[in-house]
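Some notes on the structure that comes next.
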Amino acid sequence: MKRVVVGLSGGVDSSVAAYLLKEQGYEVIGLFMKNWHDDSVTISDECPWLEDSNDALIVADKLGIPFQTVDLSAQYKERIVDYMFNEYERGRTPNPDVLCNREIKFDVFMKIALDLGADFVATGHYCRKGTITKDGKEVYQLLSGADNNKDQSYFLCQLSQEQLSKTLFPIGELTKPEVREIATRENLVTADKKDSQGLCFIGKVRLPDFLQQKLRPKEGVIVEIPETRPYFHAKAPKFNSKVEELAHFSKKYSYTVSEGKVVGKHQGAHYFTKGQRKGLAVGGTAEPLFVIDTDVDENVIYTGQGKGHPGLYRRTLFVTNDELHWVREDLALPIDGTMEVMARIRYRQPLQKATLYKVDGGLYVDFEQPQSAITEGQFVAWYLEDELVGSGVIS
């Protein structure tokens with residue numbers, strides 16, 4: 001009997017994952033991760049982790065599996081929260097969920113599980129794992145979940161072969177309604193529980209409120225850049241090489257206050273992200289304003305009218321070598337190598353046609369269609385059919 005440690009979060013997905021593993025004859029242990037009790041960054045009066053750990057305990061009891069809570073709040077603070085503050089301060093927009101999987105669930109948590117003698121770690125993610133043999137060696141694949149509406153492979157885009165080799169995704173072949181059906185049939189207390197929103201493991205939090213605990217408010221101006229600016233309509237120059245062309249299209253526009261008009265005030269450029277519409281509190285424009293760029297050094301937010309504003313769109317993005325990751329190391333591109341892929345720059349975005357170009361300093365991702373709100377600090381992930389083969393942080 002192989003031993004599996006399940007990350008029981010107190011939600012329906014991990015509850016059903018534990019149930020299925022038990023049905024399949026594994027020896028199952030439930031582990032709840034407590035990742036937060038830093039009152040200096042208090043997040044609303046609701047204390048989701050107490051309720052969640054209680055639900056996880058009730059589920060474990062019902063399934064007749066051992067259960068314990070591990071406190072990972074020190075590692076979570078250091079690896080996720082401090083990183084987030086640091087990224088926002090730099091004017092980048094991190095994705096805590098991707099990091100949380102890489103740094104906490106499949107690293108710190110996995111080590112604890114293996115110390116408990118586990119053969120595998122399992123989570124309630126909607127994705128699948130494949131195994132192929134290549135040159136006599138087992139290679140693990142990260143495949144998208146069978147439920148297109150819920151596919152969570154993007155959040156696992158930073159996993160390694162080593163991590164995948166010890167991971168199981170029991171609900172990857174199921175749809176969300178099927179998972180709820182099983183939970184209802186088995187009388188699991190989490191059957192009708194709503195999906196958790198907000199930061200991975202911290203629960204409900206309004207990001208600006210959260211960030212204000214560490215990043216002090218600082219008044220600055222909101223500037224509207226008209227789409228008639230000449231650089232939005234300039235013809236592309238002649239290029240001597242593909243790399244020159246990619247460098248040109250991956251460069252973002254840089255704005256100055258004098259190019260637009262001041263339309264409002266804000267409380268800190270680091271609270272805003274590209275493509276954001278809510279929270280600007282500026283009225284009186286024909287179309288809603290969207291953030292097209294933020295300048296944290298000068299504390300200025302640049303905006304444009306309407307979601308078709310040219311300042312929102314770019315065709316190409318760049319990932320530096322040190323932020324480039326191949327889930328399938330055997331497919332990593334050599335310098336000057338190219339690959340046709342499907343890619344996405346955010347969770348739930350429909351996959352887009354793109355070509356990867358490997359150069360000395362990193363990797364260009366060149367999309368067939370210009371993409372809206374390519375945001376520094378977020379992750380781009382690329383797929384071959386339904387397999388996620390690599391990812392990187394947008395620089």
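Odds and ends about this structure:
- Cβ-Cβ under 8 Å pairs, at least 6 apart or on other chains, segment 139-162 side under 18 Å from Arg328 (Cβ atoms), far side acidic (Asp, Glu) and assigned to a strand (DSSP E or B): Gln141/Glu387; Leu142/Glu387; Leu143/Glu387; Ser144/Glu387
- Conditions (1) out of contact with any His (no Cβ under 7 Å at 6 or more places or on another chain); (2) in contact (Cβ under 8 Å) with a residue 24 or more places away in the chain; (3) in a helix (DSSP H, G or I); number of the one not met by Tyr88: (1)
- When residues in segment 317-330 are screened for being surrounded by 15 or more Cβ atoms within 10 Å (Cβ to Cβ) and more than 15 Å from Cys157 (Cα to Cα), 2 of them pass.
- Condition met for Tyr76 (in contact with a His (Cβ under 8 Å, 6 or more places away or on another chain), buried (at least 22 other Cβ atoms within 10 Å of the Cβ), at pLDDT below 95 and on the phi < 0 side of the Ramachandran plot): no
- Segment 54-72 - residue that is assigned to a helix (DSSP H, G or I) and surrounded by fewer than 18 Cβ atoms within 10 Å (Cβ to Cβ) and, of those, nearest to the chain's Cα centre (by Cα): Asn54
- If you go through segment 9-41 and pick out every residue that is at pLDDT 95 or above, assigned to a loop (DSSP other than H, G, I, E, B) and not aromatic (Phe, Trp, Tyr), you end up with 2.
- Whenever a residue of segment 94-109 is among the polar types (S, T, N, Q), its partners that are assigned to a helix (DSSP H, G or I), lying with C-beta atoms within less than 6 angstrom and at least six residues away or across chains, give the pairs Asn101/Phe155; Asn101/Leu156.
- Elements of type strands (runs of 3 or more DSSP E) in segment 106-154, at least 2 residues being of a type in the set (Lys, Arg): 127-134
- Breaking point among (1) assigned to a loop (DSSP other than H, G, I, E, B); (2) at pLDDT 95 or above; (3) among the basic types (Lys, Arg); (4) closer than 15 Å to Ile374 by Cβ, for Arg314: (1)
- Qualifying residue in segment 347-363 (condition: crowded, with 16+ Cβ neighbours inside 10 Å, of a type in the set (Phe, Trp, Tyr) and in a strand (DSSP E or B)): yes
- So Asp386, is it at pLDDT 95 or above, buried (at least 18 other Cβ atoms within 10 Å of the Cβ), charged (D, E, K, R) and in contact with a Lys or Arg (Cβ under 7 Å, 6 or more places away or on another chain): no
The values are calculated or read from the model by the stated rules, or taken from the named source; none is laboratory data. Computed from a prediction, not measured in an experiment: that's the story for all the values here. Backbone-built Cβ (ideal geometry, glycine too); neighbour counts: all protein chains shown.
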